[in-house]
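Colleague: Below are the structure tokens for one structure; questions will follow.
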Amino acid sequence: MSRKIRYGMVGGGRGAFIGAVHRIAAALDQQIDLVCGAFSSDPEKSRASGADLFLPAGRCYGSFQEMIAAEAKLPAGERMDFLAIVTPNHVHFPPAKMALEHGFHVLSDKPATFDLAEAVALQKLVKKTGLLYGLTHNYTGYPMVKEARHLVQSGKLGKIRKVVVEYPQGWLATRLEASGQKQASWRTDPKRSGAAGCIGDIGTHAENLAEYITGLHIDELAADITAFVKGRKLDDDGNVLLRFKGGAKGVLHSSQISVGEENNLNIRVYGETGGLEWHQREPNTLLVKWSDQPMQVYRAAQGYLSDAAKGAGRTPPAHPEGYLEAFANIYKNFANAIRAREDGRKLAQGDPANDFPKIEDGVRGMAFIEAVVKSSAQNARWTKVKA
């Protein structure tokens, strides 16, 4: 395919946060162009947001239904190739379903859907259509996360025994949603966020990171979630014990009332012969620990790293890469998977273009949320994760 991949966006208009992040990430490698959008549920705001991005007026739509129907009627050389969904959780499933039904690939913000039933229905539709579906669990895009995964997969740490993953924030330590702050308002609203607040918003990132690095799936859990802020309808703090298939045990902690914390996502993995530690606040460093030798410090963009880690970087050593670049790796790989599809090439399992979260990850994320809520409601009773 000798052209850029074209995409349309649902959500992400004026006043949104994550839409701009997606657009920057998509544009970073100059392989993807935004060609259309339905940027708001308010048609006027949607068209004004499209004008802000210098899109043609005819490709700035008043609703995602209008956009998908109109794009499907355009010649193959003009229409979008995939749909990016950057809306609150309750508007993930409807546009994804319609896009797949009209022949468009889908890349969605996480979690995949509003609830597990929608995620399972979406999985069936992805399988039926044979189209690509990706999920922007962007932390899996970091080079040193890929190196951590490589170390586990290569068996250098031995059989995994213990996983500790944490994602504390402090931005919801007060009832910010009462002030009308947009991001706080929908994330704490069960009608828009779903059954969980903190667990759905950032706990799923921790769950996905643990499963991505270790290659293990969570089998059952015991959870205690709390809404500490008076009047808040959804959890703002969660503590979860994990049992993985294969015997490993783990602890997952996510919080949005940990005062002073700034997206402090971190993970520690311990095997029979070695361990590793990674912090999102210092993403270009991976600590590797051994029982019989000193701790090693791995750094991004170095020649001793795996091909996966080196392929995820863009700059020489000591030039910092972070959140946006990791996000861009999801978009880059997804776009390359579309290219392979259009060129009739079947991707090998280890091909970098296959390295992005898929609908199966989305279903497990929703099953994790459901199990956490159920377990906590039963006084932290051990509960199966039914993905």
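Colleague: Find the residue count for segment 180-231, including only residues that are out of contact with any helix residue (DSSP H, G or I) (no Cβ under 7 Å at 6 or more places or on another chain), over 22 Å from Ser41 (Cα atoms) and polar (S, T, N, Q).
Modeller: Counting residues in segment 180-231 that are out of contact with any helix residue (DSSP H, G or I) (no Cβ under 7 Å at 6 or more places or on another chain), over 22 Å from Ser41 (Cα atoms) and polar (S, T, N, Q) gives 1.
Colleague: When the residues of segment 340-376 are narrowed to those that are hydrophobic (A, V, I, L, M, F, W, C) and touching a strand residue (DSSP E or B) at 6+ places or on another chain (Cβ under 9 Å), which ends up nearest to Tyr133 (Cα to Cα)?
Modeller: Applying the filter and picking the extreme gives Ile359.
Colleague: Among the residues of segment 307-334, write down those that are crowded, with 17+ Cβ neighbours inside 10 Å and among the polar types (S, T, N, Q).
Modeller: Scanning segment 307-334 gives Asn329, Asn333.
Colleague: All but one of (1) within 29 Å of Asn379 (Cα to Cα); (2) out of contact with any Lys or Arg (no Cβ under 8 Å at 6 or more places or on another chain) hold for Arg149; which doesn't?
Modeller: Every condition holds for Arg149 apart from (1).
Colleague: Counting just the residues of segment 348-376 that are over 18 Å from Val106 (Cβ atoms) and in a loop (DSSP other than H, G, I, E, B), which one comes out modelled with the highest pLDDT?
Modeller: Once the filter is applied, the top-ranked residue is Asp351.
Colleague: Hey, does segment 81-92 have a residue that's without any contact (Cβ under 8 Å) to a residue 40 or more places away in the chain and under 15 Å from Phe39 (Cα atoms)?
Modeller: yes
Colleague: Do the conditions hold for Ile330, that is, is it touching a His at 6+ places or on another chain (Cβ under 7 Å), in a helix (DSSP H, G or I), hydrophobic (A, V, I, L, M, F, W, C) and not assigned by TED's automatic domain parsing to the domain that holds Asp237?
Modeller: no
Residues are listed down the side, and each one gets a yes or a no for (1) of a type in the set (Asp, Glu); (2) within 23 Å of the chain's Cα centre (by Cα):
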position	(1), (2)
Tyr7	no, yes
Ala25	no, yes
Ser40	no, yes
Glu44	yes, no
Ser63	no, no
Gly77	no, no
Ala84	no, yes
His102	no, no
Asp115	yes, yes
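Colleague: Take the residues of segment 213-225 that are within 17 Å of the chain's Cα centre (by Cα) and surrounded by fewer than 21 Cβ atoms within 10 Å (Cβ to Cβ): which is nearest to Ala195 (Cα to Cα)?
Modeller: Checking each candidate, the answer is His217.
Colleague: To continue, here is another question. Any residue that is in contact (Cβ under 8 Å) with a residue 60 or more places away in the chain, surrounded by fewer than 18 Cβ atoms within 10 Å (Cβ to Cβ) and over 20 Å from the mean Cα position of the chain (by Cα) - is there at least one of those in segment 351-369?
Modeller: no
Colleague: A further question follows. Kindly state which strands (runs of 3 or more DSSP E) lie completely within segment 240-300 and contain at least 2 residues that are among the hydrophobic types (A, V, I, L, M, F, W, C).
Modeller: 249-255, 266-271, 274-279, 285-290
Colleague: In segment 160-211, what residues are in contact (Cβ under 8 Å) with a residue 12 or more places away in the chain, surrounded by fewer than 22 Cβ atoms within 10 Å (Cβ to Cβ), more than 13 Å from Asp236 (Cβ to Cβ) and of a type in the set (Gly, Ala, Ser)?
Modeller: Correct list: Ala178, Ala195.
Colleague: Do you know which residues across segment 296-349 are on the phi > 0 side of the Ramachandran plot and in contact with a Ser or Thr (Cβ under 8 Å, 6 or more places away or on another chain)?
Modeller: Within segment 296-349, just Ala301 meets the criteria.
The values are calculated or read from the model by the stated rules, or taken from the named source; none is laboratory data. Keep in mind that what you see is a predicted model, and the values were worked out from it rather than measured. No Cβ is skipped: glycine too gets one built from the backbone with ideal geometry, and neighbour counts run over all protein chains shown.
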